[in-house]
Amino acid sequence: MLGVLVAMSALVAGCGGGGGAKPLTKAQYTAQVKKIGTGLSASLSALTTVTTKAQAVTALKKAQTDVTSAASQLDAITPPADVTTQQAALSKGVHDLADELGALTTKVQSTGLSALSAEPKGITEIQTAAAAIIKAGYKISG
């Protein structure tokens with residue numbers, strides 16, 4: 001799961017639906033997505049270096065805070081019309097991941113590092129939505 005989290009950190013950021021605001025241009029949207037993804041990268045990468053339960057709990061709590069913040073940022077974005085549906089799906093995945101990180105923190109506290117082997121559902125949602133955005137011609141990764 002940790003490797004997937006890191007790989008997705010650049011893609012996590014592409015979603016939202018900023019309530020009635022003028023849609024961003026393709027270039028603006030891509031830039032905002034990359035900026036949010038870059039911010040998440042360090043937080044999610046920290047999960048790959050944990051070796052103790054205490055480190056994992058600390059890293060998971062920070063990751064949850066950062067993913068929750070990214071979800072809020074994504075909600076403020078009004079995407080170009082051709083990726084509105086994909087962005088809604090991506091936003092849902094980011095929100096779901098934030099929720100799942102909280103539950104995962106609790107599980108790590110009670111069962112240890114082995115809890116990190118399960119892949120959160122939000123990751124799959126993010127992967128699917130990000131692939132659809134990329135397919136639409138938006139270079140939101142890397």
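Note on Leu113 and Lys35: the extension gain reaches 25.0 nm, defined as 0.36 nm multiplied by sequence separation minus the Cα-Cα distance. Reported to the nearest whole Å, the Cα centre-to-centre distance from the range 26-100 to the range 105-142 is 9.
Note on the chain: GNM, Cα springs under 10 Å; of Leu44, Leu104, Leu24, the largest mean-square fluctuation is that of Leu24. Entry note, the chain: the mean residue ellipticity at 222 nm calculated from DSSP H runs of n ≥ 4, each adding -39500 (n - 2.57), is -22500 deg cm²/dmol after division by the residues and rounding to the nearest 500.
Given R₀ = 30 Å, FRET efficiency for Ser45-Ala88 by Cβ-Cβ distance, to 0.05? Step by step, r from the Cβ atoms, then E = 0.65. Computed extension gain for Gln28 through Lys139, at 0.36 nm per residue and net of the alpha carbon distance, reaches 38.8 nm. Normalising by residue count, the chain has a Cα convex hull of 81 Å³ per residue.
Quick note: the coordinates plus some simple rules give every number you see, no bench work behind them. Since the structure is predicted, the reported quantities are computational estimates derived from the model, not experimental observations. Virtual Cβ from ideal backbone geometry, glycine too; neighbours counted across all protein chains shown.
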